[in-house]
Amino acid sequence: NTTEDLHLVLKDMMLPRKFITLGGKQLEVKKSTADLDPKEFGEYLEKCVAWAAQELGILIPPPM
């Protein structure tokens, strides 16, 4: 898998869903990670690190 594949999967699993109405239809969309504020992005990263540890057995150290 590519890093882009991983990014898309984690974004789909970790970011909250949002609904917008367009042309009378309700559509489900997700925020882009680029649109997250620093607090939201930190929470997203924490979820990703926890997922990697639990599902893949990969421990990601905190930044120095």
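The values are calculated or read from the model by the stated rules, or taken from the named source; none is laboratory data. For clarity, every value in this text was computed on a predicted model and none was experimentally measured. Here the Cβ is made from the backbone with ideal geometry for all residues, glycine too, and neighbour counts use every protein chain on show. For the accessible areas, the whole protein counts, side chains as well, though only heavy atoms, and no ligand, DNA or RNA atoms are used. Shrake-Rupley method; radii C 1.70, N 1.55, O 1.52, S 1.80 Å.
Which residues, counting only those in the stretch 1-48, are within 25 Å of residue 61 (Cα to Cα), outside any helix (DSSP H, G or I) and of a type in the set (Gly, Ala, Ser)?
Hit for the stretch 1-48 is 32, nothing else.
Hey, can you tell me all the residues within the stretch 24-42 that are among the acidic types (Asp, Glu) and at pLDDT below 90?
Residue satisfying the conditions is 35 alone.
Looking at the stretch 1-23, I want the residues that are of a type outside the set (Phe, Trp, Tyr) and have a partner that is exposed (fewer than 10 other Cβ atoms within 10 Å of the Cβ) with Cβ atoms under 9 Å, at least 6 apart or on another chain. Which pairs are those?
9/1; 11/32; 15/32; 17/28; 18/28; 20/26; 20/28
Restricting the stretch 14-30 to residues that are touching a Phe, Trp or Tyr at 6+ places or on another chain (Cβ under 7 Å) and either β-branched (Val, Ile, Thr) or under 19 Å from residue 50 (Cα atoms) (or both), which is most open to solvent (accessible area, probe 1.4 Å)?
14
If we keep just the residues of the stretch 33-50 that are touching a helix residue (DSSP H, G or I) at 6+ places or on another chain (Cβ under 8 Å) and open to solvent by less than 60 Å² (accessible area, probe 1.4 Å), which is farthest from residue 7 (Cα to Cα)?
The initial filter retains those residues of the stretch 33-50 that are touching a helix residue (DSSP H, G or I) at 6+ places or on another chain (Cβ under 8 Å), namely 33, 36, 41, 44, 47-48.
Next, only the ones that are open to solvent by less than 60 Å² (accessible area, probe 1.4 Å) stay: 33, 36, 44, 48.
Numbers: 33: 9, 36: 14, 44: 12, 48: 10 Å.
If we take residues in the stretch 33-50 being touching a helix residue (DSSP H, G or I) at 6+ places or on another chain (Cβ under 8 Å) and open to solvent by less than 60 Å² (accessible area, probe 1.4 Å), then 36 is farthest from residue 7 (Cα to Cα).
Contact list please: Cβ distance under 9 Å, first residue in the stretch 34-56 and over 12 Å from residue 11 (Cα atoms), second residue among the basic types (Lys, Arg) and open to solvent by 60 Å² or more (accessible area, probe 1.4 Å), pairs at least six apart or on different chains.
Going by the 9 Å Cβ cut-off, the qualifying pairs are 40/31.
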